[in-house]
1. Just for the stretch 174-192: of the residues that are within 13 Å of the chain's Cα centre (by Cα) and basic (K, R), which one is surrounded by the most Cβ atoms within 10 Å (Cβ to Cβ)?
2. Considering only residues of the stretch 161-210 that are assigned to a strand (DSSP E or B) and among the aliphatic types (A, V, I, L, M), which is nearest to V71 (Cα to Cα)?
3. How many residues are outside any strand (DSSP E or B) and open to solvent by 60 Å² or more (accessible area, probe 1.4 Å) if we restrict to the stretch 1-41?
4. Keeping to the stretch 42-77, report how many residues are in contact with a Pro (Cβ under 6 Å, 6 or more places away or on another chain) and in a helix (DSSP H, G or I).
5. Mind checking which residues of the stretch 42-59 are under 14 Å from A72 (Cα atoms) and open to solvent by 40 Å² or more (accessible area, probe 1.4 Å)?
6. Right, A143: under 29 Å from V98 (Cβ atoms), open to solvent by 40 Å² or more (accessible area, probe 1.4 Å), assigned to a helix (DSSP H, G or I) and at pLDDT 95 or above or not?
7. List the pairs whose first member sits in the stretch 193-213 and is surrounded by 19 or more Cβ atoms within 10 Å (Cβ to Cβ), whose second member is among the aliphatic types (A, V, I, L, M) and part of a helix (DSSP H, G or I), and whose Cβ atoms are under 6 Å apart, counting only residues at least 6 apart or on separate chains?
8. State all residues of the stretch 69-98 that are open to solvent by 50 Å² or more (accessible area, probe 1.4 Å), over 18 Å from R193 (Cβ atoms) and in contact (Cβ under 8 Å) with a residue 60 or more places away in the chain; if no residue qualifies, say none.
Amino acid sequence: MTSRPAAGGGRWVEVDPARVARWVEGFADRHGPPATTAEGYALLLAAPDGATAELHAPPGAPASADVPGFVAAAGAPRRLGLLLVRKGGVAVGMADGVDLAFSKVDTRYVQGRTAAGGWSQQRFARRRDNQAKAVLGEATELAVRLLLPEAATLAALVCGGDRRAVDGVLADRRLAPLAALRADRLLDVPEPRHAVLVAAVAAARAVRILVRDPDPGHRGA
């Protein structure tokens, strides 16, 4: 389980689907039995002491009206496409449940920024741009070759890395069927490697929970 501050207050917690039921039980033990409200693909738990937990379904999971249904849907096996892109490389794969069914990783050197000025700086900038374009081109072709044939079987496409780079890849018209499956979730990943892609499977399946603690001045009914 991981946790990080949320914009606007509270914190985001990422929980493995198999642990969500236990997490909800712990929330109820700490704050009292919560009322449950379905809000699209999320469930809002509102505890008597004012604490709230907003459970967001992982990519590809259907909406649910209660906690048991949410837990079952989140943990159900489904196929997810994975597309991780940064300027230094790309990783493409498909997760079948918790397993990585296939993958391809391509890393390339991209020239770092230089403090040199004049003609030399322009030359390095052009070289760097060309290297970055080559990475995006390779990412596009890998997605066309490996993910596009599986589009009809995917519950969602989960992307990670640099948002602009991912946007550039999915702008290719051939990838329109995959772009239509793109999840809102963008994984924060380092330079794509096989180990990073393996870890991305768990991150893509995780349930994200926005937790807000009770106001100190709250009075329960």
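1. Out of the qualifying residues, it is R182.
2. Applying the filter and picking the extreme gives V207.
3. Adding up the residues that qualify gives 12.
4. Taking the stretch 42-77 as the starting set, the residues that turn out to be in contact with a Pro (Cβ under 6 Å, 6 or more places away or on another chain) are 45-47, 49-51, 73-75.
Restricting the remaining residues to those that are in a helix (DSSP H, G or I) gives 73-75.
Count: 3.
5. Within the stretch 42-59, just H56 meets the criteria.
6. no
7. That search, which allows pairs on different chains as well, returns V207/V20; V207/A74.
8. The answer is R79, V98.
The values are calculated or read from the model by the stated rules, or taken from the named source; none is laboratory data. Keep in mind that this is a model prediction, so the values were computed, not measured. All Cβ positions, even for glycine, are placed from backbone atoms using ideal geometry, and neighbour counts span all protein chains on display. All accessible areas refer to the heavy atoms of the entire protein, side chains included, with ligands and DNA or RNA removed. Shrake-Rupley method; radii C 1.70, N 1.55, O 1.52, S 1.80 Å.
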